[in-house]
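For reference, the structure discussed in these notes is given below.
Read-outs: derived from the displayed coordinates by stated rules, not from any lab. Here the structure is a predicted model, which is why all the values come from computation and not from measurement. Positions of Cβ are backbone-derived with ideal geometry, glycine not excepted, and every protein chain shown enters the neighbour counts.
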Amino acid sequence: MVGLTALMGQCVWDAEGVWVGHVVDIRVVRNKRESMQSHTVMGLVVSVHRAPVMLGLTRDRQGRLGWLSEVLARVVYAGCTFVPWEMVASSDTGEVHLRAQRKELTRV
């Protein structure tokens, strides 16, 4: 598997070869129960507009968005699609290929 930062900006294709968009953010959840800080990937945020500006840069140390960042996120993520990590078939070829069709994905 490719590193998470390498996924940013990659093209995403569905199971039928239809272009979905570019990866603009990666959603992760921190595992609090483990002694070391580890994270689990929940999915990818994909947009037809290439705007990889979020990537957690606007969150505070507790992971919360400020009011300005929240407004910015709504504008940047308008019309984006969320791809659960379970639907990713492969991501090691420089492109992300999905197991699902584009119409099965949900909007952010």
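Positive contributions from Lys and Arg (+1) and negative ones from Asp and Glu (-1), summed over other residues with Cβ under 9 Å from the Cβ of residue 43, come out at 0. Annotation for residue 49 and residue 107: the two label points, set 7 Å from Cα along the Cα-Cβ direction, are 1.4 nm apart. Segment residue 6..residue 29, full-extension length gain: 6.4 nm, with 0.36 nm per residue of separation and the alpha-carbon distance subtracted.
Once amide H atoms are placed 1.01 Å from N in the peptide plane, what residues at a sequence separation of 5 or more from residue 28, or on another chain, have their amide H within under 5 Å of its amide H? For residue 28, whose amide H was placed from the backbone, the distant partners under 5 Å are 42. Legend: calculated FRET efficiency, residue 93 to residue 72, from the Cβ-Cβ distance at R0 = 22 Å, rounded to 0.05, equals 0.10.
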